[in-house]
1. Could you work out the pair-distance distribution P(r) of region 357-514 from its alpha-carbon pairs, with 10 angstrom bin width and percents rounded to whole numbers?
2. Given a 1.4 Å probe and heavy atoms of the protein chains only, how would you sort Ser25, Ser610, largest accessible area at the top?
3. What number comes out for the charge environment of Met336, summing +1 per Lys or Arg and -1 per Asp or Glu over other residues with Cβ under 9 Å away?
4. Assigning unit charges at the beta carbon (Lys, Arg +1; Asp, Glu -1) and nothing else, what dipole magnitude in debye, to the nearest 20, does the chain show about its Cα centre?
5. Quick check on packing: order 508-516, 618-626 by the mean number of other C-beta atoms within 10 Å, highest mean leading.
6. How much net charge surrounds Pro465 when only the other residues with a Cβ under 12 Å from the Cβ of Pro465 are counted, with Lys and Arg +1 and Asp and Glu -1?
7. Using Cα pairs under 8 angstrom and six or more residues apart, how large is the relative contact order of region 131-213, in percent?
8. Residue by residue through region 538-550, which ³J(HN,Hα) values in whole Hz follow from phi under the Karplus form 6.51 cos²θ - 1.76 cosθ + 1.60 (θ = phi - 60°), with glycine and proline marked x?
Amino acid sequence: MATVYVDNKPYQMNADENLLHGCLSQGFKLPYFCWHPALGSVGACRQCAVKQFKDEQDEHGKIVMSCLTPAKDGTRISIADPEAAAFRAGIIEGLMLNHPHDCPVCDEGGECHLQDMTVMAGHDYRRYEFDKRTFRNQNLGPLVNHEMNRCIQCYRCVRYYRDYAGGNDLNAFASRDTVFFGRHEDGVLENEFSGNLVEICPTGVFTDKTLKHHYARKWDQQFAPSVCVHCALGCNTDAGERYGTLRRIVNRYNHEVNGYFLCDRGRFGYEFVNSGRRLRQPLLQGRPNSAVAAQRHLHETVAKGRVIGIGSPRASLEANFALRTFVGPERFHCGMSDSEAGLVRRMIEILRGGPVRTPTLREIEECDAVFILGEDITNVAPRMALAVRQSVRQQPIEIAKKLNIPLWMDHGVRDAMQGTKGPLYIATPYATRLDDVATSTFRAAPDDLARLGFAVAHALDSRSPAVPALEDWPLASEIASALKAARKPLVISGASCGSEAVIESAANVAMAVKAALSFTVPDCNTVGATLMSGSPLSAAFQAINNGHADTVIVLENDLYRRAPAADVDCFLKTAAHVIALDHLTNSTTEKAELVLPAGTFAESDGTFVSSEGRAQRFFQVFVPQNDVLASWRWLKADDWQNLDDVLAAMSEALPNLAAVRDAAPSAAFRISGAKIPRSPHRESGRTSALVNINISEPKPPVDLDSPFSFSMEGTPDQPPAALIPFFWSPSWNSIQAVNTYQKEVGGPLRGGDSGVRILETAEVNGQPYFDAIPAAFQPREGEWLLLPMYHIFGSDELSLSAPGIAELAEKPHLAVNSREFMENQEVEISYSGNTFRLPVRIRPDLPLGVAGVSVGTAPLIGIALPTWGTIARAK
């Protein structure tokens with residue numbers, strides 16, 4: 001730490017950072033625009049000026065940019081100096097010359113960093129009386145809105161989009177004294193993380209286009225801390241609601257998980273909550289019914305029948321446990337296909353068996369050599385792909401360190417690196433969006449991918465089994481050398497290839513080099529559902545088909561996405577009674593005798609366990625209309641009054657999940673006797689907002705399950721990290737207010753980041769190497785190996801009901817590398833007695849004999865892949 005004197009008072013600052021970082025960490029109100037904790041310093045805006053003095057005797061000093069000045073021990077600066085204050089006021093006045101006075105109609109109004117900094121710099125009157133510079137706005141697709149007239153040329157957008165996220169289609173176009181930030185032509189932003197422009201931009205140039213469809217000011221929204229439901233990484237979010245409609249999702253900073261950024265599916269997929277397909281009241285034999293009658297029918301049916309329960313990897317721990325308790329542990333099924341359940345169990349066994357450890361997303365960013373085996377992580381675990389993009393900078397950064405360039409000086413570091421990338425090896429069946437930063441790529445069928453993994457492990461440690469009939473593999477030796485030379489090596493794999501051999505070979509590599517090991521899994525609570533120890537889906541089918549059970553309760557799970565349609569049809573037809581709980585209508589609810597409307601993540605409380613093994617709590621944002629209830633409340637035991645009771649019962653019944661109770665404070669938590677408000681203290685119009693219900697303001701609902709209030713009443717103090725509903729501090733109305741919640745800007749939140757890890761490795765020397773090495777892949781005459789291809793837009797069930805995501809969703813198709821077919825030609829695919837038609841896409845990156853099936857949308861759901869099949873021209 002360094003002692004820095006600010007206006008003649010000593011403060012402790014991080015000596016490895018700049019003065020702006022240090023001043024903000026100490027709580028000073030020093031305005032800035034171009035600097036961002038994740039992007040570093042470039043000195044583009046000149047807004048963070050302070051006066052620096054040589055020593056105590058220096059009375060004149062000089063103006064410096066705090067973002068470009070290191071926080072050295074003994075440094076003396078002044079923020080309040082009149083000359084520095086006048087300089088900052090002049091800068092903001094210059095920036096505002098062409099900025100429109102449209103705050104009342106700007107989507108950013110009330111949470112705008114430019115507004116905050118204008119007030120902070122003291123600029124309150126416009127002297128400029130001439131014409132303003134204007135631009136033509138662009139249509140950037142269904143997710144991000146563009147209003148270029150509000151730009152202040154801070155360059156944050158292109159630095160984030162191009163340098164951090166790896167996008168190419170957004171740029172700065174300059175002509176004389178004019179700069180335009182946008183695409184070369186109108187069109188959808190191509191990067192999967194473009195939505196972060198909404199929070200990166202300090203003005204209203206880039207805003208949330210989905211919010212425009214149901215706009216509400218930040219201070220009129222009700223918020224709650226939440227967890228993303230669209231993949232298994234567990235990114236932290238804040239959900240905002242108004243008038244019973246979920247309005248938007250914003251990033252909730254978690255130093256160990258998502259940091260400052262979300263993927264576009266996680267940010268914009270929320271609109272399924274408002275979908276016209278939502279189940280709002282119970283349905284009995286397809287007809288609306290009351291909650292009381294539905295509850296009575298549920299218990300009467302269960303009492304008379306032999307019941308089994310099918311859980312879900314997208315339902316909370318509490319909901320799955322409630323079903324498990326309701327039907328009995330021996331009659332509970334995890335809701336995953338046999339192959340998926342087996343692969344996930346194997347991954348959990350590997351992580352628990354040691355000695356490898358699964359890293360956080362922040363730790364992935366710090367890894368300096370990465371080997372990805374079998375996973376297209378941009379499409380199955382998007383935020384992990386963004387972290388890997390940062391990891392390729394770790395080795396080249398040593399160049400900047402040797403030149404004594406501070407790591408926060410972004411332009412200097414990138415100049416020194418000259419585009420050099422650290423070791424990243426990607427072995428997948430087809431090309432991925434990360435290939436542009438890869439050292440080398442390898443395309444092969446799953447069996448050959450596994451063989452590569454086993455060969456790398458053997459090259460690292462001769463005790464690891466050798467690959468039969470293989471004398472030398474240069475790529476394996478190259479990967480092994482890179483991993484061995486790294487300080488923090490990382491291996492990434494998962495279930496996408498449907499191959500246990502791929503998973504085991506990745507584990508061998510990680511054990512051989514003592515690397516971190518990260519597995520991807522399909523759904524937001526796949527790990528949690530697996531830890532419930534339920535039987536796979538086939539056991540449920542057998543129980544009904546064999547007559548051992550006649551009633552089935554399906555929890556938040558469309559079985560047609562888990563198993564072949566014919567098998568599900570037979571299962572549901574054979575069952576005497578089918579009871580389904582879900583958010584949206586689907587093929588399973590359509591065949592159910594009784595359908596119970598289940599609350600989404602925005603309408604209920606619960607816990608997910610991420611692929612990292614981190615249990616995290618999400619909280620109800622608003623009380624749903626009609627008879628929608630949290631799933632666990634439909635199934636709850638008589639002595640469960642609130643969520644804490646469910647957690648207590650689960651901890652007792654399942655000791656391996658006991659730590660989940662520590663994921664967030666209980667419902668009894670208070671700060672100085674007060675609850676935590678869901679709404680900002682500036683919330684307006686509460687009486688008029690509810691005038692259609694009562695001319696007098698009704699009493700706010702009582703929340704039994706959390707320490708939150710459904711109003712702005714409550715403590716003004718900052719709550720623990722797991723209970724932060726929104727970021728706001730005096731003078732900081734924008735998302736930049738997160739700076740005031742951190743121990744140090746860019747570091748952990750005060751009191752520690754939310755969540756608790758429950759999958760730590762065992763303290764042992766490790767498990768033996770796996771030795772089930774498959775034979776080399778051999779193409780078959782007249783047959784193709786059909787593999788799943790996942791898409792960030794199109795493969796996730798819930799986000800497909802969000803209009804913006806649906807517009808971008810990948811259309812069903814078959815990808816092949818063959819001259820036998822033509823682009824967009826319709827073909828007939830046959831496998832295991834099933835047949836369907838799809839258009840062809842030619843993919844030269846696919847191995848010969850392998851075809852990719854774009855899964856996620858009908859008819860490409862419930863297919864057991866990989867499998868062999870035939871492909872013929874459609875007649």
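1. The calculated distribution, bin by bin, is 11, 40, 33, 12, 3, 0.
2. Details: Ser25 35, Ser610 5 Å².
Sorted descending by solvent-accessible area, the residues read Ser25, Ser610.
3. Net charge in that neighbourhood comes out at -2.
4. Values: 86 positive and 101 negative charges, 168 e Å.
Roughly 800 debye for the chain.
5. Most protected by this proxy first, the peptides run 508-516, 618-626.
6. On the way: positive: Arg451, Arg463; negative: Asp461, Glu504, Asp771.
Here the count lands on -1.
7. Answer for region 131-213 is 39 percent.
8. After applying 6.51 cos²θ - 1.76 cosθ + 1.60, I find 4, 5, 5, 4, 5, 4, 6, 5, 8, x, 6, 9, 10 Hz.
The values are calculated or read from the model by the stated rules, or taken from the named source; none is laboratory data. Computed from a prediction, not measured in an experiment: that's the story for all the values here. We place every Cβ from the backbone using ideal geometry, glycine too, and count neighbours over all the protein chains shown. These area figures cover heavy atoms from the full protein model, side chains too; ligands, DNA and RNA do not enter into them. Shrake-Rupley method; radii C 1.70, N 1.55, O 1.52, S 1.80 Å.
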